[in-house]
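Heads up, the thing below is written out as structure tokens.
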Amino acid sequence: MYWADTYISGVGAFVPRTVSVEKAVAKGWYPAEEVELHNLAGAAVAGDLPAPEMALHAAQSALKRSGRAPADVDLLLYASTWHQGPDGWPPHSYLQRHLVGGDVLATEIRQGCNGMFIALELAASYLDATPGRQAALLVAADNYGTPLMDRWRMGPGYIGGDAASALVLTKATGFARLMSVCTVTVAEAEELHRGTEPLFPPGVTVGRRMSFGARNEQFRQQVMPKGESTAALFKIQRALMEVVERALDESGIEARDLTRVAFMNYSEEIVEQRCMAVLDLPMSRSTWDHGRTIGHCGASDQVLALDRLLATGELGPGDHLLMLGTGPGVTVSSAVIKIVDTPPWS
């Protein structure tokens with residue numbers, strides 16, 4: 001969807017220390033044969049630092065950089081992909097208590113790795129719906145260092161990184177303009193991330209480890225032979241091309257006009273084949289070089305890339321960033337951001 005006069009005034013990131021793939025191999029955590037295959041370098045590991053605490057750090061940074069006070073926030077959206085704390089407790093309430101207060105409409109978004117794309121569209125709609133609404137705070141955070149998750153074998157072609165990211169969206173002028181956000185769901189591929197695992201009881205309640213790699217293998221071995229799901233996989237790639245084309249068209253640009261492309265922090269071959277080759281752009285315009293060092297950080301990958309590109313001066317006024325991702329469902333999302341000014345904090 002095209003958005004007029006919707007801006008980003010602040011961005012924040014919290015990335016803990018990284019653990020190298022070499023160390024992971026030496027410890028027996030990461031398969032040695034996958035090092036050369038995927039060319040990943042490491043993962044950010046937060047230890048016992050809770051995801052909501054990382055989210056608070058990122059949100060505080062984003063608000064400070066935006067120049068807005070917590071009282072200016074009208075909406076708080078918290079995206080997550082993994083458990084945040086005690087079951088039955090909403091993590092966004094932690095940010096309400098320690099940052100923005102209880103008068104802010106707040107909720108958690110469980111849309112997997114595409115949670116921030118959904119948050120962008122919902123927040124833009126919310127701000128546009130009623131005059132006088134000033135700002136929305138969008139946050140994503142995850143810590144995968146739990147007994148039921150193995151970050152080093154999370155899924156095919158990626159390892160899990162811990163991090164938090166935040167954006168302040170506003171109708172007033174900011175350093176970047178949100179041009180377009182598009183999302184489609186390829187419902188026919190729903191089983192890709194479920195595999196043959198039963199719906200009840202939920203795996204976490206019986207101590208079952210979570211592995212997208214295992215579920216993907218179940219999908220290939222037991223679901224795809226039925227015939228119906230093979231076409232769904234091709235439809236995912238078509239959907240990716242369609243959301244990119246739509247976002248570019250709504251933004252009034254073409255792929256060659258993109259300064260950088262932020263895809264998910266996957267392996268080199270996945271980023272190149274599924275993303276950059278589709279756009280007919282070189283890997284040098286991707287954000288993979290940095291993404292390979294911190295791992296796939298849930299719903300934060302693309303915002304972390306934006307934060308780093310601004311910090312290093314690799315994005316400036318007039319530049320366009322395409323953010324692109326996929327998530328369970330299967331959802332495919334894209335967004336185009338135009339840099340209109342150099343943020344003072346960069």
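The values are calculated or read from the model by the stated rules, or taken from the named source; none is laboratory data. Here the structure is a predicted model, which is why all the values come from computation and not from measurement. Every residue, glycine among them, receives a Cβ derived from its backbone with ideal geometry; neighbour counts consider all protein chains shown. Side chains are part of the model used for accessible areas, which takes the heavy atoms of the whole protein and leaves out ligands, DNA and RNA. Shrake-Rupley method; radii C 1.70, N 1.55, O 1.52, S 1.80 Å.
Brief remarks follow.
- Subset of segment 57-75 that is within 26 Å of Thr146 (Cα to Cα) and in contact (Cβ under 8 Å) with a residue 60 or more places away in the chain - its residue that is surrounded by the fewest Cβ atoms within 10 Å (Cβ to Cβ): His57
- Members of segment 317-327 that are over 15 Å from Asn265 (Cβ atoms) and either part of a strand (DSSP E or B) or touching a Cys at 6+ places or on another chain (Cβ under 8 Å) (or both): His320, Leu321, Leu322
- Filter result for the condition that a residue is touching a Leu at 6+ places or on another chain (Cβ under 8 Å), in contact (Cβ under 8 Å) with a residue 24 or more places away in the chain and farther than 19 Å from Phe175 by Cβ, over Arg260, Arg274: Arg274
- Within segment 258-293, the set of residues being open to solvent by less than 10 Å² (accessible area, probe 1.4 Å), closer than 20 Å to Val35 by Cα and assigned to a helix (DSSP H, G or I) comprises Val271, Gly291.
- Here Ala58, Ala43 are screened, and the one residue that is assigned to a strand (DSSP E or B) and in contact with a Gly (Cβ under 6 Å, 6 or more places away or on another chain) is Ala43.
- Failed criterion for Ala79 (all others in (1) in contact with a helix residue (DSSP H, G or I) (Cβ under 9 Å, 6 or more places away or on another chain); (2) open to solvent by 20 Å² or more (accessible area, probe 1.4 Å); (3) among the small types (Gly, Ala, Ser) hold): (2)
- The set of residues in segment 1-53 being of a type outside the set (A, V, I, L, M), over 30 Å from Leu178 (Cα atoms) and crowded, with 22+ Cβ neighbours inside 10 Å consists of Tyr30 alone.
- The condition of being farther than 24 Å from Leu304 by Cα, open to solvent by 50 Å² or more (accessible area, probe 1.4 Å) and in contact (Cβ under 8 Å) with a residue 60 or more places away in the chain holds for only one of Arg246, Arg238, Arg209, Arg220, that being Arg209.
- The set of residues in segment 83-97 being in a helix (DSSP H, G or I) and either open to solvent by less than 40 Å² (accessible area, probe 1.4 Å) or out of contact with any helix residue (DSSP H, G or I) (no Cβ under 7 Å at 6 or more places or on another chain) (or both) consists of His92, Ser93, Leu95, Gln96, Arg97.
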